[in-house]
Amino acid sequence: MEKIYDSQMNVHDFIKAMFEKNIVSGLGALTQLPDNKGISYSLLSDGFDFQKCMPFYPVMPANAAIAVSKLTRETSPSSPIAVFLRPCELRALIELTKIKQARLDNLILISFDCSGVFPFKDGKYPTEDTLKRYDQSIKEAKINDTIRQVCKGCENYQPEGADIAISIIGRGVHESLALSFATEKGKSIQEKMGLTASEIQPSTIEQLTSDKKRNKQELFKNTQISNLDELLDVFDTCIACRACSYVCPICYCKNCYFDSQTFQYYPENYAQRLNKKNTLRLPLDRIFFHMGRLSHMGSSCVACGMCSDVCPVDIPVSEMFKAGGQNIQGVFNYQPGQNLDEPMPLVTYQEKELHEMED
Amino acid sequence: MSDEKEFIPNIVYGLCAWCGTGGSETAAAHHLKYPENIKPFRVMCTGALDPVYILRALIEGADGFIVSGCHPGDCHYDSGNYRARRRIAALKSILNTLGLDSDRVWLRWVGHGEGQRLVDTAFEFNEHIKKLGPNPLKSRRDS
Amino acid sequence: MDDIKWLQGKGKPGIKSFFQDILTRGLIDTVLMPAKNKKGNSYAWFLMNKDGFLETSDPIPPVMTIQGANILKNITKKGESWSKTAVVLRPCELRAVIELTKLEQINLENIILISFDCPGAYPLTQYISGDQTSLDQKYDSSLYTASFETERNACIMCDKFTGQGADIQLCFLGQSDDGFLISAASAKGKELLKDVNGTNEENLEIKTKKRDELLGQLQKEKNEKRQVILDRFKETIYGTDNLLNVFSACINCHNCRRACPICFCSECYFESKALYSEADNQLNRATRKNALRMPSDLLLFHLGRMNHMSISCVSCGACEDACPENIPVSLLFSLVSRDTQAVFNYDPGHSLEEPLPFVVYKNEELKEYEAHYTKRHQSACNCNTK
């Protein structure tokens with residue numbers, strides 16, 4: 001367990017200090033839009049008014065790993081940029097780095113123990129009152145009851161692998177930051193910031209973790225699909241818009257296989273299928289897309305919940321993919337996003353393995 | 001002398017490879033100068049200049065964008081300049097509808113030999129943008 | 001009159017039985033139209049032959065799940081249809097089909113386009129999350145009187161709600177609910193109508209006249225309404241501040257473009273490598289503005305998309321149905337396209353013969369969009385003499 005230090009600074013002062021001490025030249029974080037019209041992830045520079053920066057705001061307009069991937073997929077920055085990421089976003093970024101869609105050189109990863117986010121639908125942000133109750137639940141290390149379903153059942157809410165980890169649960173977001181520095185990069189920043197005094201005790205979170213685990217089991221039970229009928233029912237309203245795949249940090253392919261020429265059929269293909277079935281629901285391959293997508297990205301699914309947020313017909317995509325992903329990950333004993341050095345299951349093969357899968 | 005900091009606009013000048021650029025060559029041969037804050041941007045044909053480039057410039061830092069290519073009937077590719085005119089007409093209509101200063105985009109034909117006309121155009125557009133002031137879009141961080 | 005017939009049949013089941021009839025009698029081989037989905041809480045597109053005609057099919061569904069033009073594109077993009085296929089489309093879907101045909105994404109060979117007097121539709125999410133039985137009832141009862149009220153922006157201001165341009169038009173407006181008019185506009189349509197079991201009775205003229213009267217009045221009302229709504233909307237989005245406020249909740253998911261029938265590119269420019277840039281470049285952009293919204297190029301995407309497709313925008317509202325953040329995209333795009341279409345005097349989806357503005361060019365046109373050269377510039381002259 002890394003030591004936790006009291007920084008004596010709130011998050012805005014902390015950010016300012018990082019710029020002043022030339023530790024970073026840019027910062028990625030959730031930020032208020034002008035006139036407080038909304039929240040979006042932004043890349044901030046030195047001249048920005050950091051009071052408008054809200055790294056802990058409980059909404060995920062986009063998985064920040066996508067933003068960081070778009071920032072670094074061509075080159076890494078020549079001067080350090082710090083990025084605030086929720087633990088699931090951090091895991092997604094690690095996965096994207098493994099598949100060469102992001103670079104971590106010159107990036108400082110800042111994460112925090114996450115209490116979940118609210119669904120972001122219909123452009124509605126949480127109300128003042130909701131936010132107050134959310135802050136309260138952080139202080140009490142409890143689960144807020146209106147956050148997203150996947151967040152309620154998220155047991156990986158600790159920032160593993162971050163250069164700087166901020167402990168919020170049990171303390172609240174307005175207190176001075178409690179920081180721990182796990183990596184070499186993090187430790188050098190600790191030195192530059194001069195943070196060595198006043199260690200603090202970690203909060204007790206055993207109860208929270210076990211509550212989350214229980215929620216997860218319940219979630220899996222509620223969204224479990226046990227036969228073909230149930231599968232068809234769940235995706236019955238799907239309009240094949242592919243929004244789930246577009247906002248998925250793991251679905252990085254520029255040309256998705258399911259939108260490729262492979263699935264643009266000739267009229268004869270339609271004729272043959274129609275002949276066999278007499279009735280053909282269109283577009284074809286609707287369920288196939290979801291199953292196929294799960295098989296492509298399930299081993300890396302970090303259960304960030306973006307796919308459910310954007311679904312225009314409210315299909316609980318992320319709840320199902322979380323369960324499906326976890327099953328796949330269990331087969332290979334793989335934890336997506338936990339460790340940069342852990343190879344992805346579908347790029348490493350061994351002669352003697354998985355015999356139980358053979359007939 | 002006024003203490004106010006003079007507004008020097010950031011202007012992109014899209015020139016086609018045949019007439020527009022040719023005009024600037026002629027201007028150079030005659031030792032004509034145009035304002036230094038105008039940045040020439042060469043494209044093979046004005047018809048190849050997707051208005052998205054103009055939008056990108058206006059969103060990311062330009063105060064104005066001006067396009068010059070061959071006079072109607074002179075296009076090296078026959079009808080590229082007509083295509084450009086249609087596209088720019090559509091673009092200006094969009095900017096106009098949304099209240100985004102469609103006047104920050106100009107289209108004016110300049111032939112290969114018309115060095116004076118190119119320089120005149122550059123000065124005129126520069127003055128015009130100075131009067132309009134900075135482009136509000138370029139400093140918006142929520143774009 | 002050989003291009004119009006009256007068909008007996010009560011309400012929606014009557015309309016449905018028309019399709020069953022032409023299918024079983026072999027006037028067409030295949031029909032493409034919506035039907036209830038499995039759970040019955042929404043609709044989906046179905047391709048059916050005469051042995052597979054669904055009891056739950058509904059030529060005039062109360063909701064537009066997927067733009068029909070996109071479905072027809074899937075089937076005929078790579079060649080002509082294998083059999084005589086009737087496709088039932090809303091008027092806006094029909095217009096998109098015409099545009100996509102001009103863009104060579106749809107092949108109309110062997111296809112019979114059937115459209116109807118469209119009452120509009122419910123917003124997709126409202127329908128799926130609502131009580132479908134009562135919503136259906138309310139919808140079906142308004143077919144003949146044009147009294148359907150909806151919150152779907154594209155439908156509220158729709159002034160092209162008849163199947164004009166289709167091979168076959170089904171007309172209910174102004175009729176009593178015990179039957180409807182079928183009119184044929186093309187050779188294909190007339191060929192089919194010849195064998196339809198309708199009556200050619202003498203009061204056909206009265207019925208047509210009744211529809212025309214109601215239609216004329218409605219079209220005028222709706223067109224005025226459209227202008228008022230768009231003008232009022234324009235005031236709320238005019239200028240940099242207001243426009244960016246509209247997009248404050250936009251999450252850059254590009255779902256509007258994927259739902260749009262006109263945005264047919266399989267690889268969108270705004271998702272292409274053209275917009276990839278180096279990290280330092282992005283940091284520079286951030287430094288210039290003090291901050292850069294990420295994922296970036298949000299406004300560029302919307303403005304650029306307007307530039308690429310607004311001339312063919314048919315105001316179907318599919319973009320707004322697909323937007324997870326309820327941004328009034330269809331209002332915005334209808335507003336912009338009203339003006340861009342006026343520049344070229346182009347009416348998208350009106351006729352296959354009318355060429356797309358970006359494929360025909362003229363020497364003498366659009367002079368008002370050029371900046372005319374008037375005089376030698378003073379400073380330029382000074383510069384020269386130095």
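All of the numbers you see were taken from the coordinates with simple rules; none came from a lab. Remember, predicted model here, so these are calculated numbers, not experimental data. All Cβ positions, even for glycine, are placed from backbone atoms using ideal geometry, and neighbour counts span all protein chains on display.
Oblate is the label for segment A:6-45, because a/c, from the alpha-carbon gyration tensor with a ≥ b ≥ c as root eigenvalues, is 1.5 or above and a/b does not exceed b/c. Taking only alpha carbon atoms, chain B gives an Rg to Rh ratio of 0.98, where Rh is the Kirkwood radius.
In µm²/s, what is D for segment C:229-369 at 10 °C and 1.306 mPa s, where D = kT/(6 pi eta Rh) by Stokes-Einstein and Rh is the Kirkwood radius from Cα pairs? After rounding, the answer is 94 µm²/s.
Remark on chain A: A:C53, A:C114, A:C151, A:C154, A:C238, A:C241, A:C253, A:C256, A:C301, A:C311 stand apart, with no other cysteine beta carbon under 4.7 Å.
Across peptide A:268-275, the mean count of Cβ atoms from other chains lying within 10 Å of each residue's own Cβ comes to 5. Averaging over all projection directions, the Cα-based convex hull of segment C:33-106 occupies 5.2 nm² in the image plane.
So, with +1 on the Cβ of K and R and -1 on the Cβ of D and E, and no other charges, what is the size of the charge dipole of the protein assembly as shown about its Cα centre, to the nearest 20 debye? Walk me through the numbers before you get to the answer.
On the way: 103 positive and 112 negative charges, 182 e Å.
The calculated dipole for the protein assembly as shown is roughly 880 debye.
Would you compute, from DSSP H runs of 4+ residues alone, the mean residue ellipticity of chain B at 222 nm, taking -39500 (n - 2.57) per run and dividing by the full residue count, rounded to the nearest 500?
Details: 4 runs with 56 residues, N = 143.
After summing the helix terms and dividing by residue count, I get -12500 deg cm²/dmol.
Taking a straight line from the alpha carbon of C:K5, these aspartates and glutamates sit under 20 Å away, with near neighbours fewer than eight places off in the same chain left out: C:D21, C:D117, C:D167, C:D177, C:D178, C:E191, C:D195, C:E201, C:E202, C:E205, C:D212, C:E213.
With neighbours defined as other Cβ atoms within 10 Å of a residue's Cβ, the residues B:E124, C:E278 order from fewest to most as C:E278, B:E124. Shape annotation for chain C: C-alpha extents along the principal axes are 89, 48, 41 Å, from largest to smallest.
In the elastic network of chain C, a GNM with C-alpha springs shorter than 10 Å, the most mobile of C:I128, C:I311, C:I98 is C:I128. Helix C:298-309 and the long axis of chain C differ in direction by around 60°, with both axes built from C-alpha atoms.
Based on DSSP H runs of at least 4 residues, each adding -39500 (n - 2.57), what is the mean residue ellipticity at 222 nm of chain A after dividing by all its residues, to the nearest 500 deg cm²/dmol?
Working: 13 runs with 130 residues, N = 359.
About -10500 deg cm²/dmol.
Each peptide in A:140-152, C:320-332, A:39-51 receives the mean, over its residues, of other Cβ atoms within 10 Å, and ordering these scores from highest gives C:320-332, A:39-51, A:140-152. Of all beta bridges that DSSP places with both ends in the protein assembly as shown, some 50 percent have antiparallel geometry.
Averaging the Cα positions of each part gives two centres, and for segment A:339-359 and segment B:42-59 these lie 50 Å apart. Rounded to two decimals, the Cα-based Rg/Rh of segment C:145-228, with Kirkwood Rh, is 1.02.
Tilt of helix C:329-343 relative to the longest C-alpha principal axis of chain C, in degrees (0 to 90, nearest 10)? With rounding to tens, the tilt is 80 degrees. Taking the 0 to 90 degree range and rounding to the nearest ten, how far is the long axis of helix A:11-20 tilted relative to the main principal axis of chain A, both from C-alpha atoms? Here the helix axis deviates by roughly 70 degrees. Computed on chain C, with alpha-carbon pairs under 8 angstrom and 6+ residues apart, the relative contact order is 18 percent. Along each principal axis, taking the top coordinate minus the bottom one, the Cα set of the protein assembly as shown gives 99, 88, 56 Å in descending order.
Return the single residue from C:D212, C:D280, C:D29 with maximal mean-square fluctuation; model: Gaussian network over chain C, springs between Cα atoms under 10 Å. Judging by the Gaussian network model, the answer is C:D280.
Across the alpha-carbon atoms of chain A, the computed radius of gyration and Dmax are 21.8, 77 angstrom. Each Cα pair under 8 Å and six or more residues apart adds its sequence gap; the mean of these over the residue count of segment C:17-100 is a relative contact order of 31 percent.
Please report the relative contact order for segment A:1-72, taking Cα pairs under 8 Å with a sequence separation of at least 6, and give it as a percent rounded to a whole number. Please report the intermediate quantities before stating the final value.
On the way: 61 pairs, mean separation 18.6, N = 72.
RCO, segment A:1-72: 26 percent.
Counting only DSSP beta bridges with both residues in segment C:4-226, the antiparallel share comes to about 60 percent.
On average, how much area does the Cα convex hull of segment C:1-132 cover when viewed from any direction, in nm²? Each step should come with its number before you reach the end.
Values: hull surface 36.2 nm².
If I average the Cα hull's projected area over directions, I get 9.0 nm².
If segment A:4-218 were replaced by its equivalent ellipsoid, with semi-axes equal to the square roots of 5 times the Cα gyration tensor eigenvalues, what would those be, largest first, whole Å?
Details: eigenvalues 126, 84, 66 Å².
The three semi-axes for segment A:4-218 are 25, 20, 18 Å.
Based on the Kirkwood approach, the hydrodynamic radius assigned to segment C:184-308 is 20.1 Å, with every pair of different Cα atoms included.
Among A:V302, A:L274, A:G337, whose Cα sits farthest toward the positive end of the charge dipole of segment A:225-346 (+1 at Cβ of Lys/Arg, -1 at Cβ of Asp/Glu, about the Cα centre)? With unit charges placed on the Cβ atoms, the residue in question is A:L274. Rounded to the nearest 5, the antiparallel percentage of DSSP beta bridges internal to segment A:4-218 is 55%.
If you average the C-alpha positions of segment C:107-165 and of segment A:7-82 separately, how far apart do those two centres end up, in angstrom? Using only Cα atoms to place each centre, the spacing works out to 46 Å. Computed on the Cα atoms alone, the convex hull of segment A:225-346 gives a volume of 126 cubic angstrom per residue.
Per residue of A:243-250, what is the mean number of Cβ atoms on other protein chains within 10 angstrom of that residue's Cβ?
Values: counts 9, 2, 0, 6, 7, 0, 0, 0.
Neighbouring Cβ atoms belonging to other protein chains average 3 per residue here.
Annotation: peptides A:78-88, C:334-344, ranked by per-residue average of other Cβ atoms within 10 Å with the highest first, follow the order A:78-88, C:334-344.
What does the average come to when, for each residue of peptide A:28-36, you count the partner chain Cβ atoms lying within 10 Å of its Cβ? Don't jump to the answer; show the numbers that get you there.
On the way: counts 3, 2, 0, 5, 1, 10, 8, 5, 1.
For peptide A:28-36, the averaged partner shielding equals 4.
Per-peptide packing, taken as the mean over residues of other Cβ atoms within 10 Å, places B:126-138, A:182-194 in the sequence B:126-138, A:182-194 from highest down.
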